[in-house]
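What follows is a single structure, written as structure tokens, with notes after it.
The values are calculated or read from the model by the stated rules, or taken from the named source; none is laboratory data. The structure displayed is predicted, hence computed values, not measured ones. Here the Cβ is made from the backbone with ideal geometry for all residues, glycine too, and neighbour counts use every protein chain on show. Remember, those area values only see protein heavy atoms, side chains included, never the ligands or the DNA or RNA. Shrake-Rupley method; radii C 1.70, N 1.55, O 1.52, S 1.80 Å.
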Amino acid sequence: MTLPRHRLRVPELAATMTLGPAEARHLHVLRLQAGDGVRVFDGQGHEARATLLELDAGRAVLTLGEAVSGAAETPFPLTLAAALLKADKLADVVRAATELGVAEIRLLVTARADVREIGDQKLTRLGRVAQEASKQSRRAVVPVVHAPVPLATFAPQGQVLVAQPGSVLRVAEVLRWTAPVTVITGPEGGLTDAEVAALVSRGAQAVTLGPRILRAETAPVALLGAIAALGE
């Protein structure tokens, strides 16, 4: 049976789901009406069919159907820890990282970061970017975008890979899906030698992204793309 084309984020999958005015307007724009089928996902990896039961200007009511499989996720959670960048660049990174399968995004304040903080409104906007990218890429998981923390206090989980020009190790040579994976990328100008040394002393592995120097917004995409290309 063909899956419905349209997908909606819901707070949780329940027998009956009521959505507010914003979602109702969106369904009106899509020209959906009572009786039409959609797909719903909760952002935590669960997805199902649903039927639109009621739709008016103020709300939409859906009834839950059978579970369906979303896009495949990595064997263990994949985290991107990226240095703060200017807002538009950071939005591009969040969008691409979501499409490439990250489970969460950690923002870091580094020595050379050209941005030192980010406001609540911008952080909320990045969350919306992740949600839209998840919907577009047919994932059932929406990555959480966390408020920034200093690199020195960041405690990465599992295997840790840090992008560093001049390194000799390639992702395919060191990546092991036996635990969560965290990848770290720096700002324009890169992480300092001291920052990389501190990460390596705590167990991180420095990896190359090839012979060219990449921009700060390109490096996370290249590193995550290399991981995705391994097919796990």
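Filter segment 205-231 down to residues that are under 18 Å from the mean Cα position of the chain (by Cα), farther than 19 Å from residue 157 by Cβ and not aliphatic (A, V, I, L, M), then give me how many there are.
4
Select from segment 63-86 the residues that are within 28 Å of residue 222 (Cβ to Cβ) and free of Cβ contacts under 8 Å to residues at least 60 places away in the same chain and write down the one among them that is least open to solvent (accessible area, probe 1.4 Å).
Only one residue tops the list, namely 72.
If the Cβ limit is 7 Å and pairs must be 6+ apart or interchain, which residue in segment 157-179 that is without any contact (Cβ under 8 Å) to a residue 24 or more places away in the chain pairs with which residue that is outside any loop (DSSP other than H, G, I, E, B) and surrounded by 12 or more Cβ atoms within 10 Å (Cβ to Cβ)?
Within 7 Å, the pairs are 176/159.
Where residues in segment 97-141 are among the β-branched types (Val, Ile, Thr), under 22 Å from residue 230 (Cα atoms) and touching a residue at least 60 places away in the same chain (Cβ under 8 Å), which of them is surrounded by the fewest Cβ atoms within 10 Å (Cβ to Cβ)?
So the residue we want is 141.
Need at least 1 residues that are closer than 14 Å to residue 112 by Cβ and open to solvent by 50 Å² or more (accessible area, probe 1.4 Å) per element, so show me which strands (runs of 3 or more DSSP E) inside segment 145-232 make the cut, counting only ones lying wholly within it. Give the steps one after another, and end with the answer.
On the way: elements: 159-163, 181-185, 205-207.
Answer list for segment 145-232: none.
Starting from segment 182-204, take each residue that is on the phi > 0 side of the Ramachandran plot and list its partners that are of a type in the set (A, V, I, L, M), counting only C-beta distances under 7 angstrom and pairs at least six apart or across chains.
Pairs found: 203/160.
Which of the residues belonging to segment 78-90 are touching an Asp or Glu at 6+ places or on another chain (Cβ under 7 Å) and part of a loop (DSSP other than H, G, I, E, B)?
Filtering segment 78-90 down to residues touching an Asp or Glu at 6+ places or on another chain (Cβ under 7 Å) leaves 79, 85-86, 89.
Across segment 78-90, the qualifying residues are 85, 86.
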